[in-house]
Amino acid sequence: MAITEKNKHNTDNEKGLVFHIIHGSFVDGYGIRTTVFLKGCPLRCAWCCNPEGQASYPELKYTIKDCNNCGRCIDVCPKNAIKVNPLLEKVQIDRKLCDNCGACIGVCYTGSLQYFGTYYTVDELFDIIKKDEQYYRSSGGGVTIGGGEPTFQPDFTYAFMKKCQENYIHVAVDTCGYATTEEQFRILAEANLLLYDLKSLDPNAHTKNTGVSNEIILSNLKMLNGMGKSIIIRIPVIPRLTVTNENMEIIAAFLSRLKSLERVDLLAYHTYGTIKYEQLGRKYKLSTQANIQELTEKTKRIFERYGLNVQLGG
Amino acid sequence: MVNVKTKENRISRLREKMLHIPDICIQRAYWWTKSYMETEGEPEVIRRAKALAKILENLPIYIDDDELIVGRSTGKERGGMLFPEIQWEYILKEIELFSSRDWDRCGSISDEEKKMVEDTLPYWKGKCTWDRFNASMPPEIRRIHGGVFFLGTSSMSGVHYGHETIDYSRLLKKGLSGIKKEAQEKLESLDLTKPEDFKKYQFLQAVIITLDAAAAFAKRYADLASHLAAQAINMHRKKELDAIASICRRVPLNPAGSFHEALQSIWFTHIVIRNEGWGPGLGFGRLDQYLYPFYQKDLSDGIITRDTARELASLFLIKVNDLAFISSTVNIETLAGFPTMVSITLGGVTPGGKDAVNELSYLLLEADEQVALNVEEITIRVNSSNSDAFLMKALEVLKKLRGKFKFVSDNTIISLLLNEGRPVEHARDYVLVGCFTPAVPSYSLDVTGGMVNAPMILELALNNGVSRITGEQVGPATGDPGKFKSYDDVWNAFKRQVEFFVPRMVTARNIDTQLYAEFALCPFMSAFFKPCISNGKDLIAGGTAPNIRECFGFSGVPNVGDSLAAVKKVVFDDKLIDMAGLVKALDDNFKEKDRLLQALSKAPKFGNDIDYIDTIVNDIIALFEAELGKYKGLFGSKPAVAISTGTGHLLMGTQVGATPEGRKAGEPFAEGGISPHQGRNTSGPTATLRSVSKLDHLKIRGGSVLNMKFNPDVFADEKKKVKFLSMLRTYCESGGYHVQFNIISGETLRDAQKHPENYKDLLVRVATYSAYFVELSPRMQEDIIARTEFQEV
């Protein structure tokens, strides 16, 4: 994968790279949850709403509206990647030259240049999530490890998950299922709950839309189903790409054969991630005119006909 | 004329009338003054009683075609009462401006009304409590009043205390006649040769005058109803009016015999209390408890159905909206949106400790779902014995009303009252009065608190006692802040400023309380407080002592915390700048100090469950509590810390220069009280709740206010509602005190700004009360929009 060539920051195996923590989420599993978003993902889904979760190193986040065009960053950039855009009276970053070294962040007074991604040790992260323990207890909630893809930092995620579990905190892992190694798979095997993303049953479409084949994902799913894991399948409803009138029944039939499936969540396409693409200097390419709500509700009806427990939203 | 009136349109018609802008009613001011002109030289308490009687004889009365519960607090439909005995001058100066000022606008008054005011009000020159207060205030206290002690005293706010809940159950059981009998017996037992007994004699005489006057007031309504019944063409309405007449002949004089009578009895009594001495936050207390026996009996006797009972309850809730808090233009900045606040407390436990929720608790929630106006303020006590079904019902209504209810923790408040030495039965029977203050009906007086501009105290510590805005030496010189070498130096300067101001605030309050004890007596209300009758002493003169809670409301406490944390982190931990540099930056309002501003803004902020800052907020509260604990209130009471701002955080902000939290000069402070500063709590709802619940609420005996804004998404389905409930319960069971919610999206509020005509009844939680969004100033509207909106992510 191309991204590993820039992976020079992640040398410290003791630490995990986290890009967001939410205290008190009502989604991403049962009860009230604290969701930890880990950076790094093997997939490149066209609709991805957390693009800052894809690369496994800290990335420069540039919020153009906060820039006051002071130019200090231009002077310190060792790669000469920053220039003034005279039209906007803001700086602009050449992402081809930028290696995310962070020199500019150190001199940015406005906060328009920051990092996506902070390193935590297992203990540091645990101390943060355990504060909400009373809320987990009363609501049947816990920690959700999402991302990015949690298995992409296998040692850290496993150690963090175990630390939670040793302290009787429920752990849900929100995964794309693309676990290729033993270290990665054991995270899925030992999580208390899996939020398992399913994008497509068609291997060609899957490769086209996510960058990887679904072969491993499906075989892992079958294996975990065989192990009797608690599984919630999450399907992003992206018109033409994941759910279509033609494949709804096929997916439903497939899912209805999974014995340890507890629920299917249909996650309707949205564009909340657009701002983060801008902050990364990327473009969000996907757009659709389709009626998402109609498609989502139709999918729900068909799934329910197959006896599936369906929820709209996560 | 056939006039078919269904229940629904009866309720909606009456409700609609409460959505007009309020009108000033000058009747109370006029008759009260007239009476005072006639009673010169008589004992003050008797003068108060006679003045009340005079109003009740002369107040124009009116019965609306749709009404079943009758009686108006003023001569107007939604009226504003005036209290010239507290402040008269602003009334004369501003009476014509009320209809044109920027917000909290009222209807204009007639020339005749204007003349009545002009002819009488100058009587109060030098006599109203505010004039007397100004005359007796030592100069050095005058200097802090209106500044650090921002809205210091009740005299300054222009109204009576208002934070009382009488013992309505006693009224319903005994009637005015029963209470009069008690007063008479007490009076006959006195030994008038003893000077102290003679004072009691005067008080009890006054009580009897007011009880008779209240009964006569009800009779006026009975006669009016009979008169209207005789004229009525519609036979159905004639029957209703006959029933109203006979109810008004029985109550409040006699014990209530039915649910309808009980509601009418407490309403008449409340009107009288309002006219005697109103202030925002007068409560009805535990309506679901003391009305329940009447509801149950009528239901089993077949006199009412659940539906007719709910209709009556709705009509009652509409009725309480007939009064709007009118105040001077200066004061409405701190309490914007006509906060009349009639507190009603539901749920919790009985004095015996059992689950108190009953069918009426549900019914009152349903009634408010229908009424949803701004004055009736429902507080829900959250106790672990209360069923999920009840609390889910509350959340359902909450969602429909976009917030509105307050939730308080039984655990915390009962512990707090026990810690004060109250008997356990009293502690369990608490209600909320005013915004957020715990009170025990019939046994305690809980006086509202002036607002303290806490960030201004910090500013003085960081500027050697000098205000950055005015350049005046306001506080003591606590040393050149540029030379402070450690966080302890900063803290000690702050502490010394607090030590300077607290005794001066207590003095100011004691002067005020003393004046109220002499000139703002409330013999009628006192009649419904057990200790007042047995001690023969007016409530306002300390009749319930030592059970008196005098609150000092500290505002901007999260800002003081965020500022101290920023100094600690940026100056002393990270050493990015020294104190001299920081002080210079504050002097310059961070001009060309973007980098420092950024660093200060990034320092830990309250509301994100970060101990680094949260412990500092707790230290500040402990300091206030310890300092106040050194002094005594007028009746030997121990002054209490409250954490609140009303809407004063906007105006108080204009009086303080740049602060180290990264706030520029003049910007607002944190809203509510203990709510994290607008937009700074970015870590999710449980992090905010944890920051607040970890504070030592037993030291905040006057209560505190936490506002949270949620996107309606969080109530999207049943499962999410269950999660919300468990979040609320956990907060209440883990040390939290109060929380209330705005369940509304930013888009809706923006749309309401653009199209106010479509949002006439859109309620928002402002401070600890609801107000109509479209009646608020643009600045206040922006402040509400700026609050962190939690949504599902």
field: Summed buried accessible area for A+B [probe radius 1.4 Å, Å², rounded to 100]
entry: 2300
statement: Here the residues of region A:132-147 whose accessible area is at least 40 Å² smaller with all protein chains than in the chain alone (probe 1.4 Å) are A:Q134, A:Y135
query: In region B:552-630, which trypsin sites (Lys or Arg not before Pro) fall in coil by DSSP and have 12 or fewer other Cβ atoms within 10 Å?
result: B:K575, B:K591, B:K630
task: Would you please give the residues with an amide H less than 5 Å from that of A:V237, counting only those at least 5 places away or on a separate chain, with H modeled from the backbone geometry?
output: A:L267, A:A268, A:Y269
field: DSSP loop chymotrypsin sites (Phe, Trp or Tyr not before Pro) with at most 15 other Cβ within 10 Å: longest gap in chain B
entry: B:63-630
- line: At the level of C-alpha centres, the distance separating region B:566-615 and region B:359-398, in angstrom, is 43
field: Cα gyration tensor shape for region B:644-793, rounded if a/c is under 1.5, else prolate or oblate
entry: oblate
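Which of the DSSP-defined H helices in chain B satisfy a minimum axial length of 24 Å, computed from C-alpha atoms, and a minimum mean Kyte-Doolittle hydropathy of 0.5? Display every interim value, and only then the final one.
Numbers: long enough: B:168-188 (25 Å, -0.96); B:195-231 (55 Å, 0.14); B:259-277 (27 Å, 0.06); B:487-519 (47 Å, -0.36); B:611-628 (25 Å, 0.73).
Result, helices passing both filters: B:611-628.
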Averaged over A:181-187, number of beta-carbon atoms from partner chains that fall within 10 Å: 0
task: Compute the relative contact order of region B:446-675 as a whole-number percentage, counting only Cα pairs closer than 8 Å that sit 6 or more residues apart in sequence.
output: 27
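Ignoring GluC sites (Glu not before Pro) that are buried or in helix or strand per DSSP, and keeping those with at most 14 other beta carbon atoms within 10 Å, what is the longest stretch of chain B between them?
Numbers: sites that count: B:E40, B:E96, B:E472, B:E592.
The segment B:97-471 is the longest one with no such site.
With a cut-off of at most 11 other beta carbons within 10 Å, and DSSP calling the residue loop, which trypsin sites (Lys or Arg not before Pro) in region A:271-307 qualify? Please list them.
The qualifying sites are A:K283, A:K285.
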message: Students often forget the sequence filter, so: which aspartates and glutamates lie under 14 Å Cα-Cα from A:K229 once same-chain residues fewer than 8 apart are removed?
response: A:D174, A:E190, A:E262
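So for chain B, averaging the separation of alpha carbon pairs under 8 Å that are six or more residues apart and normalising by length, what relative contact order in percent results?
Working: 1655 pairs, mean separation 115.5, N = 793.
About 15 percent, as a whole number.
Across the residues of A:110-119, average count of Cβ atoms on other protein chains within 10 Å?
Whole-number average of other-chain Cβ neighbours for A:110-119 is 1.
For B:H20, A:H23, give me the order by solvent-accessible area with a 1.4 Å probe, most accessible first, ignoring ligands, DNA and RNA.
On the way: B:H20 90, A:H23 15 Å².
My answer, sorted largest first, is B:H20, A:H23.
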Cross-link partners of B:K495 among lysines (Cα-Cα below 19 Å; sequence separation of 8 or more within a chain): B:K483, B:K485, B:K568, B:K630, B:K699
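Distance cut-off 18 Å, Cα to Cα: go down the list B:K17/B:K760; A:K298/B:K723; B:K17/B:K400; A:K208/A:K300 and report the pairs above it.
Details: B:K17/B:K760 12 Å; A:K298/B:K723 27 Å; B:K17/B:K400 21 Å; A:K208/A:K300 25 Å.
Pairs exceeding 18 Å: A:K298/B:K723; B:K17/B:K400; A:K208/A:K300.
Among the listed pairs B:K404/B:K709; B:K186/B:K537; A:K39/B:K720, give every one whose C-alpha distance is greater than 23 Å.
Numbers: B:K404/B:K709 12 Å; B:K186/B:K537 11 Å; A:K39/B:K720 28 Å.
Over 23 Å Cα-Cα: A:K39/B:K720.
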- prompt: Of B:L68, B:L299, which has the most accessible area with a 1.4 Å probe, and how do the rest follow in descending order?
  reply: B:L299, B:L68
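Send over a whole-number figure in Å² for the accessible area per residue of region A:59-116, probe 1.4 Å.
On the way: 3130 Å² over 58 residues.
Result: 54 Å² of accessible area for each residue.
Roughly how crowded by other chains is peptide B:720-730, in terms of the mean Cβ count from those chains within 10 Å of each of its Cβ atoms? The partial results should precede the final answer.
Values: counts 3, 1, 5, 13, 3, 2, 9, 8, 1, 4, 9.
The per-residue average across the peptide is 5.
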- prompt: Do you know which residues of region A:32-60 lose at least 30 square angstrom of accessible area in the protein assembly compared with their chain on its own, with a 1.4 angstrom probe?
  reply: A:I32
field: Taking region A:59-116 and dividing mean pair separation by its residue count, relative contact order in percent (alpha carbons under 8 Å, at least six apart)
entry: 48
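How many percent of the accessible area of the protein assembly as shown is carbon or sulfur, using a 1.4 Å probe?
Values: 20120 of 39290 Å².
Percent of accessible area from carbon and sulfur atoms in the protein assembly as shown: 51.
Would you mind working out the magnitude of the charge dipole of region B:663-793 relative to its Cα centre, with +1 at each Lys and Arg C-beta and -1 at each Asp and Glu C-beta, to the nearest 20 Debye?
So the magnitude is around 520 debye.
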- prompt: Do the sum for the protein assembly as shown: with -39,500 (n - 2.57) for every DSSP H run of n ≥ 4, divided by all residues, what is the mean residue ellipticity at 222 nm, to the nearest 500 deg cm²/dmol?
  reply: -13000 deg cm²/dmol
statement: For region B:584-656, the per residue accessible area (1.4 Å probe, Å²) is 35
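Loop by DSSP (not H, G, I, E, B), at most 15 other beta-carbon atoms within 10 Å: where is the longest site-free stretch of chain A for chymotrypsin sites (Phe, Trp or Tyr not before Pro)? Before the final figure, lay out the partial values.
Working: sites that count: A:Y168, A:Y272.
Longest run free of exposed loop sites: A:1-167.
The values are calculated or read from the model by the stated rules, or taken from the named source; none is laboratory data. What you are looking at is a predicted structure, and each value in this text was computed from that prediction instead of being measured. Glycine also receives a Cβ, built like all others from the backbone with ideal geometry; neighbour counts cover every protein chain displayed. For the accessible areas, the whole protein counts, side chains as well, though only heavy atoms, and no ligand, DNA or RNA atoms are used. Shrake-Rupley method; radii C 1.70, N 1.55, O 1.52, S 1.80 Å.
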